[in-house]
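Scroll down for the structure; my scribbles are underneath it.
Each reported figure results from applying straightforward, stated rules to the coordinates on display, with no laboratory input. Note that the structure is a prediction, hence the values are computed from the model and not measured. A quick note on method: Cβ atoms are made from the backbone with ideal geometry, for glycine too, and the neighbour counts reach across all protein chains shown.
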Amino acid sequence: MWLYLLKRTVLAVAIVATAMTLVFLMIHAVPGDPAITLLGPRASAEMIAQIHRQLGLDKPLAVQLALFFGRVFHGDLGFDAFSQRPVRDIVFEQLPYTIELIFVSILWAVMIAVPLGCYSAIRRNSIVDQVTGIVTVAAIAIPSFVVAVYALLFFAVTLRWLPAIGAGGGFKDGLIYLILPAFAVGLGWVGYISRLVRASMLEVLGENHVRMARSFGISEWRIVARYALPLAILPTVTILGVGIAWLLSSAVFIEVVFARPGIGKLIVDAVNTRNYPIVMGVVLVTTFLIVAATTLSDLVNAFLDPRTREKL
Amino acid sequence: MKHTVDNVSRRSLLKTGAAIGGGIVAGGLPLSQVIWAAEGKVLRACSDGDITKLDPAFYNRQVEVDVMSCIYSKLIRYKPGSEWGWELDAAEHIEQVDPTHIRFRIKKGIKFTGGYGEMTAKDVKFSFERIFKQKSFLAPQWGSLDRVELEDDYTGVLVFKTPFVPVWLLSLTDATGHVLSEDAVMKATKDGGDFGLKPPAFSGPYVLADWKPSQYIVLTRNPEWSGPKPGFDEIRVVPVDDLKARERAYLAGDVDFTSISLDSLAGFKSNPPPNTKVEEWPSLWYYWIGMNMDHPKLKDVNVRKAIQWAINVPQILDAAFAGQVNVATGTIAPGLVGHRPKALVPPEGDLAKAKEFLEKAGVNNLSLSIDCTNDSTNTTIAQTVQAQLSQIGITIEVNARDNSTFWTLGSESQGERWKDLQLIVNGFIGLPDPNYNTNPFLQNQVGIWNWERFRSARYDELAAKANTVEDPDARGKLYQEMQDLMEDSGCYRFLTNGANPIMYRTTEMLASTRPDGAPLFYDFQPA
């Protein structure tokens, strides 16, 4: 297990480093210049050159990359081209908004989807199961930004029950501001998780230990809660672990639609303005999150199923 | 539905925490409004982005100017209303002594917060000279300023190397005219350099009380402010980049003042939201179709003129701006010194004349490219030009680029791409003095911002002279001739100056803006 952990960690570091190098090369390959975006038509060539010097853009690409990794090694992500604030501060200011959005989205999706999946499995082929099937597949099919726009128009603009933009301040206020964005991100997951739970439950409910429990006259709900669900939920947990990349991409759209702070909106703005330090900082942190979640998920799997340790 | 909703109490909804289930009870305000409801009068407005600087010498965006105008004082400031002008702010008196000297006297008793004492002429000298000492990229806004001489604690003289007329509606009134505390800035920065987002002291009617990046900027009353009391106790500015999102925020009741998009304008005008006033202000932008005269296909002035005459401007404005904007006659917007009453080429153009120019050039089967940013307005402009030029047999390929890529296309420092540039859909923001709007087309800007590579010694000569002429009519004529030269080169087909519509809730406020619709928050009054 320890050897597996070591191998997996080395692999994770290699993935992050490769991803960073690729993103660094790609964003520099695309035409664009933060100095020109920053200064606009009032800028002279000297002023643009001055900003280039400040950002280190006057150095060869390889040197810039080496300097970037050198700084990262010391926990320094550089400075925002526009405000000159530390990138680390900016990213960690915005990251909690995205994490809370993802967390709440998943939380409500799981709370609805798991009972729904269990119910559909127990009442297989019933009207409720069929209707649930149609609705959940539809929920998977609708992109989160479409849900976001219509939810916003209905609940915020037409009914004026909920705020349309921002993230509020304080715990209770923050929750209110989360309702629509979390609904938009989580809706697809309701469909996805409920289908997954239903399928897993059907498999588990057909196994010997469940049939034996039934033969002992244990109630159906107790069988589900005690014997079937703990096994059926495992694939869902795994999917949630590796699904963080999908969630992050959903968050990008949602943060833009709701003008909500977060790293999704941050990176969209940064890419548009070729704000290289911010782009690199956000990519580093999100890549780390995704790789960490995947690694953690693999480690849990390896712990539960020793056969997977041989597969690295 | 609306009737039912109006009876819902969002406060109860908050208390029960049953929002997901629609825990709804009675009431008038949207949730966000209840959440933000502070004691006193709160002005809630949308801005077009977040702040990145609050240092007047290094600012980047208009929202920063809007905020700085509330937290710092200037000698003079823009006068609210529909005509460009200025009024006294921190100055008790200011006069042009001769073409290169302006004497000012500061009001006594204007305090800097943080115990930095009273504002004096020494602070004015520090603030204005600092822009040059710190090599700010905004230094051109102060033109030929040489130094500020002090006469006593409150009186000083701005000394220019050569006359610089734009000082009144550009240098003193725009952001770089804000006066900072020398002691506070030196303490905060050691060398008087960029202090970024942390103002070391305030001197305006408001102070920056809170800023949450991408969330809000909160300004509250400055307890040490000795001037006239502004209308609101608190100003809360919410940064929202997207215009449509701003409109939704207004409709949802999250804010009470916002700019609106031109394609929504007609709808809002005919069917405004309840208790809303929609106002249309002319913008200072100028949009044009540019032509790179150094490109082999566009070297012949007859080809360029053919394109000018084939372009029907009102058609473009209908397609791209929903017909809600004016036809530009040049780089200088209506209401400013130097605005041309009409262009040399009529807005509708003339296809027959365009064909004549092409024949004169002896060009057949011409194919060209047009570069634009990839937003819907500029792409629509490019596509309309594509359709119009096809009528005289010119084939156009549209290259829609993302913003950052686009803004480097004509720059020689970015490689060789400027050589391939042919037609360009371009647009710059202007300021109330024509100096600012005409500078990008000087010869020394070729390959920097002058992407058409337009070169005219006469233009440069007139530009230099125009900075020194005080009489607005005489000065205006110089700028009009400059725009004639631009158009006559065939490099430019001017489109529009744009528009800046706003809307606000009349039950909450009486808005106050500059003639271009930029909000002057300190002058807003509660309803």
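Here are a few things to note about the model shown:
- Environment charge at B:Ile76 (Cβ cut-off 14 Å; Lys +1, Arg +1, Asp -1, Glu -1): +1
- C-alpha center-to-center spacing [region B:490-509, region B:196-274] in angstrom: 18 Å
- Along region B:395-407 the Karplus relation, 6.51 cos²θ - 1.76 cosθ + 1.60 evaluated at θ = phi - 60°, assigns HN-Hα couplings of 8, 10, 9, 8, 10, 8, 10, 5, 3, 5, 5, 4, 6 Hz to successive residues, with x for each Gly and Pro.
- Taking the DSSP beta bridges with both ends in the protein assembly as shown, the antiparallel portion is around 75 percent.
- Largest mean-square fluctuation among A:Ile263, A:Ile290, A:Ile223, in a Gaussian network model of chain A whose springs join Cα atoms under 10 Å apart, belongs to A:Ile223.
- For region B:88-133, relative contact order (Cα pairs under 8 Å, six or more residues apart, normalised by length) works out to 24 percent.
- Whole-Å semi-axes of region A:116-173's equivalent ellipsoid (Cα gyration tensor): 32, 15, 10
- Per-residue ³J(HN,Hα) for region A:209-222, Karplus 6.51 cos²θ - 1.76 cosθ + 1.60, θ = phi - 60°, Hz, x for Gly and Pro: 5, 6, 4, 5, 4, 4, 5, 7, x, 6, 5, 4, 5, 5
- For region A:186-192, 3J(HN,Hα) per residue [Karplus equation, 6.51 cos²θ - 1.76 cosθ + 1.60, θ = phi - 60°, Hz, x = Gly/Pro]: x, 4, x, 5, 4, x, 5
- The relative contact order of region B:118-187, computed from alpha carbon pairs under 8 Å that lie at least 6 residues apart in sequence, is 39 percent.
- Taking B:Arg514, B:Arg340 and counting other C-beta atoms within 10 Å, the order from fewest to most: B:Arg340, B:Arg514
- For B:Asn399, residues with placed amide H under 5 Å, excluding near neighbours: B:Ile370, B:Asp371, B:Cys372
- Considering only Cα atoms, the convex hull volume of the protein assembly as shown works out to 196 Å³ per residue.
- Among A:Phe253, A:Phe103, A:Phe145, residue whose mean-square fluctuation peaks in a GNM of chain A (springs only between Cα atoms under 10 Å): A:Phe103
- Length-normalised contact order of chain A in % [C-alpha pairs under 8 Å, at least 6 apart]: 28 percent
- Computed over chain A, the Cα gyration tensor eigenvalues convert (square root of 5λ each) into semi-axes of 44, 27, 14 Å, ordered from largest to smallest.
- Rounded to the nearest 5, the antiparallel percentage of DSSP beta bridges internal to chain B is 75%.
- Placed amide H near B:Met509: partners under 5 Å, 5+ positions off or other chain: B:Ala527
- Just checking the listed ones, A:Val197, A:Val30, A:Val268: in the Gaussian network model of chain A with Cα springs under 10 Å, the one fluctuating most is A:Val30.
- For chain A, the longest principal axis of the C-alpha atoms and the axis of helix A:127-141 are separated by about 10°.
- Largest first and in whole Å, the equivalent-ellipsoid semi-axes of region A:74-227 read 40, 21, 13, each the square root of five times a Cα gyration tensor eigenvalue.
- Anisotropy class assigned to chain B is oblate, per the alpha carbon gyration tensor with a/c at or over the 1.5 cut-off and a/b no larger than b/c.
- Sorted by Cβ density within 10 Å, fewest first, the residues B:Arg475, A:Arg123: A:Arg123, B:Arg475
- Kirkwood-based shape ratio for region B:276-424, expressed as Rg/Rh from alpha carbons: 0.98
- The H on the amide N of B:Asp89, modeled in the peptide plane, is under 5 Å from the matching H of B:Ile76, B:Arg77, each at least 5 residues off or on a different chain.
- Between 0 and 90°, nearest 10: helix A:276-304 axis offset from chain A longest Cα axis: 30 degrees
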